[in-house]
Amino acid sequence: MSRGVGVSLQDVWIKFGDFVAVREANVDIQGGAFFSFLGPSGCGKTTILRSVSGFLDPSQGKIIIGGNDMAGIGPNKRPTALIFQNLALFPLMKVWENIAFSLEVKGVGTAARRKRADELLDMIALTGQGDKLPSELSGGQKQRVAIARALCAEPDVLLLDEPLSALDLKLRQHMRTELREIQQRVGITFIYITHDQSEALTMSDHVAVMKAGVIDQISDGQTIYDDPSTPFVASFVGENNVFRGKVKSIDGDKALISTNRSGDLLSRIPLSAKGTLGVGDDAMMFIRPEALSIAKDDAAANNHVTALVLNEEFEGQTFNVFLEGDGGKEMKMSLVNQGKARESAKGSSLTLEYAPDQAIVLPAGELASE
Amino acid sequence: MNISAAFKRFFNRNGLGLGSFLLIAVGFWLIVLIILPQLSMLDFSFRHHLPPPEMGGPKDTYTLEHYKYLALGAQGADQSYNVVDLGVFVRTLVAAFFVTIFDLLLCYPLAYYLGQASGSGYTRILVLFLIIPYWVNEILRAFAFRIIFGDSGVINELLLAMGLVDNPVDFIRDNVALYSGLGYAYILLMIFPMYNVIESLDRNQIEAARDMGAPWWRIHWRIVIPYAKPGISSGCTMVFMLSAGALAAPQILGGPSSLWFTQIIYQWFNQGGNWPRGAAYAIVLLSVCILIVLSAMRLFKVRMGDIGK
């Protein structure tokens, strides 16, 4: 799996005047990995991508590709290829000329260029469409042409700036699978920028979650989802019910949280928070909607929450139940649709339970705004 | 679609008031201000040069004598072609061509910079700097050029002071002043069409090309220039037509030995009082210019519709 070329950012800062767009980024991307930067718009992820591709110099720190410091090396000399958000296909060139542009730059003859373009057109399932203009293709086809154009340059690292954001849902899901397949076939390093967490989770080997110029967590998708290291990551990636409160007691990797409105609840302390949480600290506890279920008995317990059903939403494979706990605390529970008659109903009062292992507690911090 | 349906649709879309205004204004502009005067010029060019009492009389017939004169010269002259007038004609066109190329080379980088490289506030100031000189009257500008290019003008003074020349350079006689004046006069007409087009070029395309290893000249050759072609051809057309048809600048800045074809036309109309001959000369200039522009458009594969962009 280490065929590709690794990329690392070492203490990278990028400033525009007084504004710090990227703060102290340290990232090690393994060769041949599919790596994503995930974050809301304006968090600096595109800035990082532009600095890797060479359009932007970091104010401080080093960008290393394949062991070589990239300082002072322009975008046309770096072993990277960038796929733009709007694809930036050349509208006046035919599709095959677009794909083979990097070869034209290298001075490759027309026949050889055409041959290579046709090979790539086969790969992206657009055989025989080389003589069209980009404007004659559909959105998904343009997408694939942009990928082929970038791959034609035989880059060591492919950089993708939210290339799927303009596509409709079905096509986007299809292109996700396709991108992943292409990446595994060519074996080069992909660095992918997105604000869509499911894109990042489904495709990537590793994800870096960013907030306002700072990388909060770098990990594989499942760790990001199950063991978020900050309240921001917990609330940005996937949905979460947040309970604010104070740490009442700690016992090994479990903590009892005295929540503001829902009583005392037991939670797991994830690795990242171990040692940083003390008794009496402000804390935030997170329970995923799918970790909640309807309790077998109504007895009070430190993994039970009582709530009133406000609304229900049928989503096919799941029921989403919107509830109101004590003191107006809003919660969401997702139940797998098992085809049975629904157990909950609007207006009824329920006792919910969860496995304390599936709840996590972190030091209080900033949440992702909706 | 027949014409009455087209009219009905036009009025339905624009309303009666606006619709008739558009129709009358465009019709007036096209017919009264362009087509009719040119037709009467065309008519003039085929008539004999007669004193007023004989106009409309039996001698007033159609003739090709003025066109023949431009081509062959006066009857009985010692040369078989009108070497002087044809020479001036060709020289005018060649000079207009070079003025166009010069303006193109000068303005393309500027238009590119204005359209792509810079931020908004800065651009506006630059554009203002380009426009303000055009508030100055054309004649005044030409005389100003004559002064700075003169024997004791700023440029000669500077060259003398720097010791680069021993005697003042005669910029007027060498036509340097004329070409500079003409080039300067039409810079805006070259910049703005190009600027408009280049401004709408997606920056990402330039970056994409750069990312794929293209050096700057290839980016311009393959991405920017093809995209800017409508603007380039529109600018070139205007500069060429206007330089070939310029009168004030050649009159004021031209050297004693250099005659512009428009000056000959002017002489026939005014000093010579021979309107039919002047009209014939003007028609020839106009037709040849149009022909050159059309062939250039065909050569560079520009469509008429692109010019309007």
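None of the figures in this text is laboratory data; all of them are computed from the coordinates on show. Treat the numbers as computed from the prediction; the structure is a model and nothing was measured. Cβ: placed from backbone, ideal geometry, glycine included. Neighbour counts: every protein chain shown.
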Query raised in the report: Based on the inverse mean of 1/r over its pairs of different Cα atoms, what is the Kirkwood hydrodynamic radius of the stretch A:239-363, in Å?
Result: 14.8 Å
Query - Highest to lowest packing among B:41-50, A:24-33, A:38-47, scored as the average C-beta count within 10 Å - result: A:38-47, A:24-33, B:41-50
Query raised in the report: What ³J(HN,Hα) values, in whole Hz, does the Karplus curve 6.51 cos²θ - 1.76 cosθ + 1.60 give for the stretch A:10-18 when θ = phi - 60°, with x put for Gly and Pro?
Result: 10, 6, 8, 10, 10, 10, 10, x, 7
Requested in this report: Search the structure for amide H atoms under 5 Å from the amide H of residue A:5, placed 1.01 Å from N in the peptide plane, and list their residues when 5 or more places away or on another chain.
Outcome: A:32, A:189
Query raised in the report: Which whole-Hz ³J(HN,Hα) couplings does the stretch A:46-63 yield from phi under the Karplus relation 6.51 cos²θ - 1.76 cosθ + 1.60, θ = phi - 60°, glycine and proline marked x?
Result: 5, 4, 4, 4, 5, 6, 6, 6, x, 7, 8, 9, x, 5, 7, x, 10, 10
Query - Integer Hz, Karplus 6.51/-1.76/1.60 couplings in order for the stretch A:235-248, x for Gly and Pro - result: 8, 7, 8, x, 9, 8, 8, 9, 10, 8, x, 10, 6, 9
Requested in this report: Using amide H atoms built 1.01 Å from N in the peptide plane, name the residues 5+ places from residue A:37, or on other chains, whose amide H lies under 5 Å from its own.
Outcome: A:192, A:193, A:194, A:208
Query raised in the report: Taking springs between alpha-carbon atoms closer than 10 angstrom, which of B:267, B:79, B:116 fluctuates most in the Gaussian network model of chain B?
Result: B:79
Report summary line: Of all DSSP beta bridges with both partners in the stretch A:72-215, the antiparallel percent, nearest 5, is 20 percent
**Report entry** Cα centroid of the stretch B:137-208 to Cα centroid of the stretch A:134-192, whole Å
**Finding:** 50 Å
Query - Share, in percent, of DSSP beta bridges within chain A that are antiparallel, nearest 5 - result: 75 percent
Requested in this report: Take chain B, connect every pair of alpha-carbon atoms lying under 10 Å apart with a spring to form a Gaussian network, then pick out the residue of B:198, B:155, B:265 with the largest mean-square fluctuation.
Outcome: B:155
Query - Positive-end residue of A:201, A:266, A:67, charge dipole of chain A with Cβ unit charges - result: A:67
Query - Per-residue average of Cβ from other chains inside 10 Å of B:215-225 - result: 2
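Against the empirical 2.2 N^0.38 Å scaling, what ratio does the C-alpha Rg of the stretch B:170-280 come to?
1.54
Packing-wise, with mean Cβ within 10 Å as the measure, how do A:260-266, A:294-300 rank, highest first?
Per-residue mean Cβ counts within 10 Å order the peptides as A:260-266, A:294-300.
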Report summary line: Contact order relative to length for chain A, counting C-alpha pairs under 8 Å separated by 6 or more residues, stands in percent at 16 percent
Query raised in the report: Between residue A:230 and residues 5 or more places away or on another chain, which pairs have amide H atoms under 5 Å apart, with H built 1.01 Å from N, and which residues are they?
Result: none
Query raised in the report: In terms of the Cα gyration tensor, with a ≥ b ≥ c the square roots of its eigenvalues, is the stretch B:72-307 rounded because a/c is under 1.5, prolate because a/b exceeds b/c, or oblate?
Result: oblate
Query - Alpha-carbon centroid distance for the pair the stretch B:1-68 / the stretch B:83-112, whole angstrom - result: 31 Å
Query raised in the report: If you count, for every residue in A:86-96, the Cβ atoms of partner chains within 10 Å of its Cβ, what is the mean?
Result: 4
Query - Rg(Cα) / (2.2 N^0.38 Å) computed for the protein assembly as shown, rounded to two decimals - result: 1.44
Requested in this report: Per residue of A:103-111, count partner chain C-beta atoms within 10 Å of its C-beta, then hand back the mean as an integer.
Outcome: 2
Requested in this report: Tally the DSSP beta bridges in the protein assembly as shown and give the antiparallel ones as a percent, rounded to 5.
Outcome: 75 percent
